[in-house]
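Below is one structure; the comments refer to it alone.
The values are calculated or read from the model by the stated rules, or taken from the named source; none is laboratory data. Here the structure is a predicted model, which means the values were calculated and not measured. Please note: Cβ atoms are built from the backbone with ideal geometry, for glycine as well, and neighbour counts cover all protein chains shown. Calculation scope for accessible area: heavy atoms of the full protein, side chains included, ligands and nucleic acids excluded. Shrake-Rupley method; radii C 1.70, N 1.55, O 1.52, S 1.80 Å.
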Amino acid sequence: MSTEEERKRAYKAFKKRLKLARLDDQSGLSPGSKTSRIGGITPPAGHPPGIWEELASEGKLRREGHNIYSLASEV
């Protein structure tokens with residue numbers, strides 16, 4: 001069980017990493033559309049693995065399988 005502050009920091013770190021992954025995907029030199037197709041990522045290191053399950057239980061994240069999570073608000 002984690003504290004509210006730990007979950008808040010982990011959620012913020014997840015959103016930041018997802019944003020950076022999408023920006024990196026959009027900035028590629030490939031021809032065609034410059035929209036990102038990244039929907040989910042592996043959670044950032046530095047947080048206990050159970051915290052991602054807790055955030056999924058709260059409805060903030062969605063499990064995609066194989067340790068991949070996405071934002072539940074983007075369904």
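Observations on the structure shown:
- Reciprocal mean inverse distance between Cα atoms of the chain - Kirkwood radius, Å: 13.1
- The count of lysine pairs in the chain whose Cα atoms are under 14 Å apart, excluding pairs fewer than 8 places apart on the same chain, comes to 4.
- Farthest toward the positive end of the dipole of the chain, out of 3, 56, 39, is the Cα of 39, where the dipole comes from beta carbon charges about the Cα centre.
- Expressed as a whole percent, the accessible surface of the chain that belongs to carbon and sulfur atoms is 55, based on a 1.4 Å probe.
- Size of electric dipole in the chain: Cβ of Lys, Arg +1 and of Asp, Glu -1, about Cα centre, debye, nearest 20: 300
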